[in-house]
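Nothing in this text is a laboratory measurement; each read-out follows from the coordinates by a stated rule. Since this is a predicted model, take the numbers as computed values, not measurements. As a convention, Cβ positions derive from the backbone with ideal geometry for all residues, glycine included, and neighbour counts pool all protein chains shown.
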Amino acid sequence: MEYFAGLDVSVEETAICVVGDDGTVVLQTAVETDPAAIGEALRRYAGRLRRVGHEAGSLSPWLHAGLLAIGIPAVCLETRHVRAALSAQRNKTDAADALGIAHIMRTGWFRQAHIKSENCYRIRLLLVQRRNLKRKFLDLENAVRHSLKVFGIKLGKVGRGSMEKAVREAIAGDPMAAGVMECMLRARAALWAEYLILNKLVVQIAMRDELCRRFMEIPGVGPVTALSFSSAIDDPARFRRSRNVAAYFGLTAKRWQSGTSIDVQGRISKAGDPDVRRALYEAASAMLTRFKGRDTVKTWGLKLAKTKCHAKARVAVARKLAVIMHAMWRDGTFYTGDPDASAHDVAAWNAAKVQRLSIAQS
C-alpha cells in the first residue's frame, strides 16, 4: 500500500495525518514543528510514502528544505487552492486540516507552490525592512506635522532636509512642545539614517547584478523594481509564457462567467506579491510622467490614458513591463524602447540614471 501525508503547520506544533491509497486513515498525531520530529513520526512509512503536503507559509522555506534533506517527499501547496479545497469542511481544526491536505495529496488535486532560493529570501528581507523603515519615518513626519496644527502651526511645503529647522523655529517659544518635538525629531533622524544604509545596500546589490542592470535600462525601472521582480520570480522557466507573469502578480482583470447570460470582467485581481505589483506600478508611473524621451511603451500608455484614464494606463503599462522583463530574462535580450529614438536621447537618460544611482551609493 502507498501512503500520503498532510501537515498542518503552526509555529509550535504540526498536526500530521497519513492516509492510504484507499483513503483509510492510518495515523493522526501532532509533533513539534521541526523537520527531524516530523521525519521521526513518518519514519515507519518510509519507502511507501509518496507525497507529504504542507501549505505555503512563513515557515515553508525552512521546513520544506529540512524535510527534503532527510528524504521526505515534501510538496509545498498553493495556499488559495488548499483553502478552497478545505472550505467544504464543517469544522476547522488542525487535525481536520491535516486530514484534508492528506486527501488532497492522495487525489493529486493540488497546485504546487514554488520555493525560492535562499538568496531570493535574503533580498526580499532587505527590501521589506527598507520599506518598513521608510514607512515608519513617514509616519513620524506626518505625526509631527499633525501635532503642530493644534497650535495653529502649518509647516506647509517644507523639504525633508529643512524640516527640523522649521519645526524648531516654529515652537521656539514653547518649552514643553519643544521638548516633545525634539524627541520626535531625533527618532525621525535615526530612522532616516538607518533607511539610507539599507537603501545604499539595495543600490549596490542591483548595480553588481547583470540582470538588474539590464532591467534598469528600461525607463522608470530602478534598483528596487529590478530586485523586487528578480527575487519574486527566482526562475524564469517557471512560466511557460511571459504574459502569465502579469497574472501571477495580480495585474490582469478578474473574470466571472456562468453560461451564456453572465460574463463579467472586473478590475485587476491583485493576487500575488503586493510589493512587486506596487514597484511595477511606480515604474510605469515614472515612465509615463518623468521620462522625457521617446519610447514605444510610453507612447502606447499615453494613448491609452487619453481614451481611459491615467490610473488604468499605469496599470496597463505595469502589466506590459512585467511581460517585457520576464522575456528579457528568459531570452537574455536587452531593452530597446524605440528603434527610431536617437542614440543621444537614450544615452542622456542612461547617464542621468547612472548619476542618480552613484549618488545613492555614496
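Details
- Mean separation of Cα contacts under 8 Å (6+ apart) over length of the stretch 119-208, as relative contact order %: 44 percent
- Couplings 3J(HN,Hα) of the stretch 100-116, computed from phi: x, 5, 4, 5, 4, 5, 5, 7, x, 8, 8, 10, 7, 8, 8, 9, 6 Hz, in residue order, whole Hz [Karplus 6.51 cos²θ - 1.76 cosθ + 1.60, θ = phi - 60°; x for Gly and Pro].
- When the listed pairs K116/K200; K157/K254; K157/K303; K154/K320; K165/K312 are checked against a 31 Å cut-off, the alpha-carbon distance exceeds it for K157/K254; K157/K303; K154/K320; K165/K312.
- As a rough footprinting exposure proxy, the listed residues V128, V52, V19 were ranked by other beta carbons within 10 Å of their own, and the order from fewest upward is V128, V19, V52.
- Lys, Arg +1 and Asp, Glu -1 on Cβ, resulting dipole of the stretch 3-107 about Cα centre, debye, nearest 20: 400 debye
- Amide H contacts for R51 (H built 1.01 Å from N in the peptide plane; partners 5 or more residues away or on another chain; cut-off under 5 Å): A5.
- Student exercise, the chain dipole from Lys, Arg, Asp, Glu Cβ charges, in Debye to nearest 20: 1760 debye
- Whole-Hz Karplus values for the stretch 63-71 come out as 5, 4, 5, x, 5, 5, 5, 9, x Hz, taken residue by residue from phi with 6.51 cos²θ - 1.76 cosθ + 1.60 and θ = phi - 60°; glycine and proline positions read x.
- Three principal axis extents of the stretch 119-208 based on alpha-carbon atoms, in descending order, are 52, 19, 19 Å.
- Cβ-based exposure ranking for K320, K165, in which fewest neighbours within 10 Å come first: K165, K320
- Positive dipole terminus of the chain, leading residue within A313, V144, L63 (C-beta point charges): A313
- Peptides 167-177, 83-93, 256-266 ranked from most to least packed, by the mean per-residue count of other Cβ atoms within 10 Å: 167-177, 83-93, 256-266.
- FRET efficiency for T93 and R135, using Cβ-Cβ distance with R0 set to 41 Å, rounded to 0.05: 0.70
- Size-normalised alpha-carbon gyration radius of the chain, reference 2.2 N^0.38 Å: 1.25
- The stretch 119-208 - charge dipole about Cα centre, Lys and Arg +1 at Cβ, Asp and Glu -1, debye rounded to 20: 560 debye
- Counting 0.36 nm for each residue step from R240 to T107 and taking away their Cα separation leaves a gain of 45.4 nm.
- Gain upon complete extension [D331, E32; 0.36 nm per residue less C-alpha separation]: 103.2 nm
- Hull volume in cubic angstrom per residue (convex hull over the Cα atoms of the stretch 3-107): 87 Å³
- Of interest is the spacing of the C-alpha centroids, which for the stretch 213-292 and the stretch 54-72 amounts to 28 Å.
- Cβ crowding within 10 Å, taken as a proxy for footprinting-reagent exposure, orders I16, I268 from fewest neighbours to most as I268, I16.
- Amide H partners (placed H, <5 Å) of E13, local residues excluded: T33
- Sequence-distant aspartates and glutamates (8 or more away, or on other chains) whose Cα lies within less than 14 Å of K92: D8
- Residue by residue, the stretch 22-27 carries 3J(HN,Hα) couplings of 9, x, 6, 7, 10, 7 Hz when phi is fed to the Karplus relation 6.51 cos²θ - 1.76 cosθ + 1.60 (θ = phi - 60°); x denotes Gly or Pro.
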